[in-house]
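Report on the structure given below.
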Amino acid sequence: MSQRALDLFVQNFGDAVKATGSSHGDEWARVDGARIQAMASFLKNDPALEMKLLADLTCVDYLEFDPQKRLALDDPERFEVVYHFASVTTRERLSLKVRCGGAEEIVVPSITGVFRTANWWERLVWDFFGVRFEGHPDLRRILTYEEFKGHALRKDYPIHLRQPLTPERRVQDLIRGPGPGPSSLHAPMSQRPGARPNVKADDYD
């Protein structure tokens with residue numbers, strides 16, 4: 001249980017806390033997204049909390065959460081960005097939730113300046129949900145390619161949508177590695193005895 005952590009958080013950011021609760025033993029607070037950077041910094045640096053681990057950052061699309069009341073595509077409460085913070089010192093956890101949406105571009109401040117690991121998490125949420133993180137140093141898709149149309153985990157994404165074909169990209173082969181080299185069970189496949197060697201040491205399949 002992390003009620004102590006939630007209480008400390010509310011004492012400092014009560015004016016920006018819209019709701020609180022507990023789910024499966026972990027406390028959460030729904031907050032004003034405009035202050036998420038200051039909140040993340042407080043959780044990380046306050047000596048009574050020391051939540052120096054950003055365990056997860058994800059998003060939820062509530063478009064069809066209630067079958068009896070489907071939200072509009074531009075509903076300002078449609079998406080919820082969820083941050084999971086944890087302390088390896090106190091073993092406490094706290095989740096912060098930011099509701100966002102609307103007809104215009106969906107924007108939430110980036111917390112990469114506080115947690116470096118947020119870099120990849122925010123790229124993942126941008127890639128699959130289309131939430132743009134303002135201030136992110138390199139916000140681009142992380143699992144789909146740049147020409148991909150739409151955001152695949154949105155509830156209104158057409159599951160049969162055909163994506164544009166693009167030329168195959170030449171990328172480094174991380175499995176077989178470059179050319180023949182010293183044999184070892186821990187070496188890339190192309191460097192082991194009997195493996196097919198590359199023509200040049202810096203060539204990849």
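Here are the numbers for this structure:
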{"read-out": "Yes/no for VAL171 being at pLDDT 95 or above and either over 30 Å from TYR62 (Cα atoms) or assigned by TED's automatic domain parsing to the domain that holds SER23 (or both)", "value": "no"}
{"read-out": "Residue count for region 1-57, restricted to those that are at pLDDT below 95 and hydroxyl-bearing (Ser, Thr, Tyr)", "value": "3"}
{"read-out": "Criterion violated by ALA103 - all others in (1) in the same structural domain as GLU80 (by TED's automatic domain parsing); (2) in contact with a helix residue (DSSP H, G or I) (Cβ under 9 Å, 6 or more places away or on another chain) satisfied", "value": "(2)"}
{"read-out": "Within region 35-54, considering residues that are in a helix (DSSP H, G or I) and aliphatic (A, V, I, L, M), the one farthest from VAL107 (Cα to Cα)", "value": "LEU43"}
{"read-out": "Breaking point among (1) free of Cβ contacts under 8 Å to residues at least 40 places away in the same chain; (2) under 24 Å from ASP26 (Cα atoms), for ASP75", "value": "(2)"}
{"read-out": "Test set (1) hydrophobic (A, V, I, L, M, F, W, C); (2) modelled with pLDDT of 95 or more; (3) under 22 Å from GLU27 (Cα atoms) - PHE65 fails condition number", "value": "(2)"}
{"read-out": "Scope region 83-132; condition closer than 23 Å to THR20 by Cβ, in a loop (DSSP other than H, G, I, E, B) and either under 13 Å from the mean Cα position of the chain (by Cα) or of a type in the set (A, V, I, L, M) (or both); matching residues", "value": "ILE111, VAL114, PHE115, VAL131"}
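The rows are residues; the columns are (1) small (Gly, Ala, Ser); (2) over 17 Å from ASP46 (Cβ atoms).
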{"site": "GLU80", "(1), (2)": "no, yes"}
{"site": "PHE85", "(1), (2)": "no, no"}
{"site": "LEU94", "(1), (2)": "no, no"}
{"site": "VAL98", "(1), (2)": "no, yes"}
{"site": "GLY101", "(1), (2)": "yes, yes"}
{"site": "GLU105", "(1), (2)": "no, yes"}
{"site": "VAL108", "(1), (2)": "no, yes"}
{"site": "PHE115", "(1), (2)": "no, no"}
{"site": "ALA118", "(1), (2)": "yes, yes"}
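The values are calculated or read from the model by the stated rules, or taken from the named source; none is laboratory data. Model, not experiment: these values are computed from the prediction. Methodologically, a virtual Cβ is constructed for each residue, glycine included, from the backbone with ideal geometry; neighbour enumeration extends over all protein chains shown.
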